[in-house]
Amino acid sequence: MAAPFELTDDSVVVIIGTGAGGGVLANELAQKGVSVVALEAGGRYLPDDYINDEWESFGQLAWTDTRTTSGDWRVAKDFSNLPAWIVKAVGGTTTHWAGASIRFQPHEWKAKTTYGEVEGANLLDWPIDDQEMAPFYDRAESKLGVTRTHGIPGLPGSNNFKVFEAGAKEIGYKEVHTGRMAINSQERDGRMACQQTGFCFQGCKWGAKWSAAYTDIPAGEATGNLEVREKAHVARILHDDSGKVTGVEYFDDAGNLQMQRARVVCVAGNSFESPRLLLNSHSSMFPDGLANSSGMVGKNYMRHLTGSVYGIFEKPVHMYRGTTMAGIVQDEARHDPSRGFVGGYELETLSLGLPFMAAFLDPGAWGREFTTALDSYENMAGMWIVGEDMPQESNRVTLSDVEDKFGLKVANVHYSDHANDKTMREHAYKQGAAIYNAVGATRTLPTPPYPSTHNLGTNRMSERPEDGVVNRNGRAHDVPNLYVSDGSQFTTGAAENPTLTIVALAIRQAEHIASEMQSGAL
Amino acid sequence: MIETLSLKTLTRRQLLSRGVAAGAGLVVGAGFVAGRDAAWATEMDAMKPESFATLVQMARDIYPHDKVGDRFYAAAVKGYDVPEEVDFAQEGLEMLDEAARAAGFDSYLAAGWEADRVAILRGIEDTEFFQRVRGGLVTGLYNQKEVWPIFGYEGESYSQGGYLYRGFDDITWI
Ligand SMILES: Cc1cc2nc3c(=O)[nH]c(=O)nc-3n(C[C@H](O)[C@H](O)[C@H](O)COP(=O)(O)OP(=O)(O)OC[C@H]3O[C@@H](n4cnc5c(N)ncnc54)[C@H](O)[C@@H]3O)c2cc1C
Ligand code: SF4
């Protein structure tokens, strides 16, 4: 049930974006009786609407508004206007995500202390740590129904997993299992068990995979305290002479500019749109953009180093049958500089359908070297590398000269690998190939990073205001009633898929905001 | 994409008598291009049939799959046979023929061996024409549902209840 709030109601918390961060925060606040208006640029799509077809689904859900790119990453050449694969819809990228839900390792909260100075990297310790986050991880795991936590059984292994597992064990890996997944292995929370449909990246038509779109958001709406306004694209955040934010301007579905007043504003548009919005909100008081006295808004963009390895075998695998990512090797996630790099990486099973495989296997390639690989699609197994990439100030989101249909400057995304990223990726490619070779691969193929699915760090959390944009609660150092609530607050990226941590941070931030409101500090 | 198969009603002999062979597997006639085996044909809306045949051959040479018939390549490039695209395509194809002549062949299609044609393509691969044709094929060819079974990809599975009872873990050789 929607709870319509007036545009002039300045008692509401306005949340921009309804993905992993914003969608969860909205529900958590609504459950505590806080009035929330969530503004979402995309439309609302539910399991019945999802499409078991890669390109059609992409057209339905993905963010395809223009962005521009620079830097020496290959994405800038192959997908110059598509630096990221993320979603524009109620529920954000949790509609497309695969559900891999793992905690940071304790040392990863303290990357600078653990890794020491790394030349060219702008490492920093998070102002929070493992112990402080543990109870919020617990709550996040039970909200998402993560398998292998809280007594929830693991998912069964698919064909793709069985090949991966056998190879991994053959070369001596020990921590190999079907993952900690936000996918029901049994009925839970009124949602059914996974039917192994194989279209996790296209929105789960059974609702077996957790997505904010059909869990947290309707739960928040049911309280009467949350109003989600869809197809509402926020253009700028407004502030008064004292430097506090007072509301936001957004374009509604009809393209009309509206103004919603607010007591608190939380930015959760994912790591390109959140800094873009802060930069586009510049004013005479904040000429470099809102919350940007440190100059850090947009900087230190991280995307996990990523890459994939596909193996081709004599006999069929049918990797596309079943969950897209339920399989993991964690042995390389440790920090062990003897391998030639700091930080670590996870290996996770991955499958793409034929259309996406053709687009992403080796973008731009043609001829028989390429087509003979696709000829063996049926006999392919696949895995994805998720490793910690180094934050670098020069990897950043800035405002481009290009404007969107509203006349707002779009985000330019600049990224170049750090030497540590390259060394780690090469290591991971070799280990990935070794896994498949150990069980008889006739050919292995390293695949370059896809347009980024994990986008992090562009409004990072820091103890000292000069090192980052927000403090330990995601609150802007410069603006007391402005928060960042998505993956852009990550200080460092760690080796793990980020969403469980984004959700845990959102749960924690809701507690903080509610108590600050109650005490009158907000 | 390639729906206009009205010529399909012709018998094989009728079809072949109206056209001339072009490249390895194609027949070109007045206003149409067909498969040598007469299993398919498509009428031209805007493009010269010879140009279209060249384009089909070029598409196959970019993404050669021996088990995928010419009709799928024809469907993948049929989108250039419209007034808005035809000039771009025909100019590009003239350039391709020019490159073939420079390599000692009468035309691109007259270069009988794949290796020779691929060498010609390598020479123009940085042109906008080549890159647009190649880029378009990534979806134009591989996103045709009809080609998926040739690669062993089964596509949509929700309506069949997913793979839980249909082989998500049926591997036996590992
Ligand atoms: C294919 C795929 C697979 C993935 N698999 C995994 C996985 O297995 N495990 C994992 O941990 N992570 C995974 N991820 C990543 C995960 O989805 C993201 O990390 C997470 O959703 C990010 O949360 P967020 O809140 O930062 O942003 P999002 O979830 O992207 O939400 C941002 C929302 O803000 C909206 N928005 C942006 N700008 C504006 C504006 N100006 N006005 C109004 N609304 C706006 C957007 O439309 C969007 O809905 C995957 C991602 C993809 C694409
Ligand atoms: S494999 Fe399971 S989780 Fe993934 S889309 Fe299908 S039913 Fe949903």
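Which Cα, out of B:Ala24, B:Gly135, B:Val86, lies furthest along the positive dipole direction of region B:12-146 (beta carbon charges, K/R +1, D/E -1)? About the Cα centre, the residue reaching furthest to the positive side is B:Ala24. Summing charges over all other residues whose Cβ lies under 10 Å from the Cβ of A:Ala208, with Lys and Arg as +1 and Asp and Glu as -1, gives +3.
Taking the Cα centre of region A:277-381 as origin and assigning +1 to Lys and Arg Cβ atoms and -1 to Asp and Glu Cβ atoms, the resulting dipole is close to 220 debye.
Since only A:Asn280, A:Gly42, A:Pro448 are under comparison, the one whose Cα sits farthest along the positive direction of the charge dipole of chain A, derived from C-beta charges on Lys, Arg, Asp and Glu, is A:Pro448. With a 1.4 angstrom probe, the accessible area lost at the A-B interface totals about 3700 Å².
Working from the Cα coordinates of region A:342-412, the gyration tensor eigenvalues give, after taking √(5λ), semi-axes of 33, 22, 11 Å in decreasing order. For region B:20-35 versus region A:147-190, the inter-centroid distance based on Cα atoms is 54 Å. Compared with its chain on its own, region A:430-470 contains the following residues whose accessible area drops by 20 Å² or more in the full protein assembly (probe 1.4 Å; ligands, DNA and RNA excluded): A:Val439. Normalised by the number of residues in region A:242-329, the mean separation of alpha-carbon contacts (under 8 Å, six or more apart) gives a relative contact order of 15 percent.
Less than 5 angstrom separates the built amide H of A:Gln258 from those of A:Tyr250, A:Phe251, A:Asp252, all sequence-distant by 5 or more or on a different chain. Too long at a 31 Å Cα-Cα cut-off: which of A:Lys112/A:Lys209; A:Lys244/A:Lys422; A:Lys112/A:Lys174? Over 31 Å apart, Cα to Cα: A:Lys112/A:Lys209; A:Lys244/A:Lys422.
Would you mind estimating how fast region A:319-459 diffuses translationally, via Stokes-Einstein at 37 °C and 0.692 mPa s with the Kirkwood radius over Cα pairs, in µm²/s? Estimated diffusion coefficient is 188 µm²/s.
Rounded to whole numbers, the Karplus 3J(HN,Hα) couplings from phi for region A:191-206 are 10, 7, 7, 4, 9, 6, 6, x, 10, 4, 6, 10, x, 7, 5, 8 Hz, using 6.51 cos²θ - 1.76 cosθ + 1.60 with θ = phi - 60°, and x at Gly and Pro. Taken over region A:1-83, the alpha-carbon convex hull comes to 153 cubic angstrom per residue.
Near the amide H of A:Ser452, within less than 5 Å, lie the amide hydrogens of A:Ala84, A:Trp85, all on another chain or at least 5 residues away, with H placed in the peptide plane.
Using θ = phi - 60° in the Karplus curve 6.51 cos²θ - 1.76 cosθ + 1.60, the 3J(HN,Hα) couplings for region A:41-58 round to 5, x, x, 10, 10, 10, x, 4, 7, 5, 10, 6, 7, 4, 6, 5, 5, 4 Hz; x is entered for Gly and Pro. Values of log10 I(q)/I(0) for region B:24-64 across q = 0.14, 0.15, 0.18 Å⁻¹ run -0.27, -0.31, -0.45, by the Debye formula with one identical scatterer at each alpha carbon and no solvent. Rolling a 1.4 Å probe across all protein chains gives A:Lys205 an accessible area of roughly 30 Å². Within the shell defined by Cβ-Cβ distances under 12 Å, the residues around A:Gly457 carry a net charge of 0, with Lys and Arg each +1 and Asp and Glu each -1. The calculated 222 nm mean residue ellipticity attributable to helices in the protein assembly as shown amounts to -9000 deg cm²/dmol, summing -39500 (n - 2.57) over DSSP H runs of n ≥ 4 and dividing by all residues. Surface analysis of region B:12-146 yields an accessible area of 45 Å² per residue, using protein heavy atoms and a 1.4 Å probe. Shown are A:Thr113, A:Thr453, A:Thr306, whose ranking by accessible area with a 1.4 Å probe and every protein chain present, most to least, is A:Thr113, A:Thr453, A:Thr306. Per residue, chain A exposes 31 Å² of accessible surface when a 1.4 Å probe is rolled over the protein heavy atoms with every protein chain present. At the residue level, A:Arg261 shows approximately 90 square angstrom of accessible surface with a 1.4 angstrom probe and all protein chains present.
Calculation over all alpha carbon pairs of region A:466-522 in 10 angstrom steps from 0 returns a P(r) of 23, 51, 22, 3 percent. Using bins of 10 Å that start at zero, the share of Cα-Cα pairs per bin across region A:404-522 amounts to 11, 29, 28, 19, 10, 4, 0, in whole %. Shown for region B:132-156: residues covered by the partner protein chains by 20 Å² or more of accessible area relative to the chain by itself (probe radius 1.4 Å), namely B:Arg134, B:Val138, B:Thr139, B:Tyr142, B:Asn143, B:Lys145, B:Trp148, B:Phe151, B:Gly152, B:Tyr153, B:Glu154, B:Glu156.
Per-atom-type breakdown for region A:152-261 gives carbon and sulfur 45% of the accessible area (1.4 Å probe, protein chains only).
Spatially, region A:323-393 and region A:40-63 are offset by 24 Å when compared through their Cα centroids. Gyration tensor over the Cα atoms of the protein assembly as shown: the corresponding equivalent ellipsoid has semi-axes (square roots of 5 times the eigenvalues, largest first) of 46, 29, 25 Å. The P(r) of region B:4-117 has a tail past 24 Å containing 20 percent of all C-alpha pairs. Using the alpha-carbon positions of region A:56-206, Rg (one decimal) and Dmax (whole number) come out as 19.0, 50 Å.
Distances over 17 Å make up what percent of all Cα-Cα pairs in region A:234-333? Here the long-distance tail beyond 17 Å is 67 percent of all Cα pairs in region A:234-333.
Accessible surface for B:Tyr163 stands near 0 Å², nearest 10, in the context of the full protein assembly shown (1.4 Å probe). Taken over the alpha carbons of region A:435-479 as equal point scatterers, the Debye sum produces base-10 log I(q)/I(0) values at 0.21, 0.33 Å⁻¹ of -0.74, -1.10.
The values are calculated or read from the model by the stated rules, or taken from the named source; none is laboratory data. It should be emphasised that the depicted structure is a prediction, and the values quoted were computed from it without experimental measurement. Reconstructed Cβ throughout: ideal geometry from the backbone, glycine too, with neighbour counts over all protein chains shown. Side chains included, ligands, DNA and RNA excluded: accessible areas come from the protein's heavy atoms. Shrake-Rupley method; radii C 1.70, N 1.55, O 1.52, S 1.80 Å.
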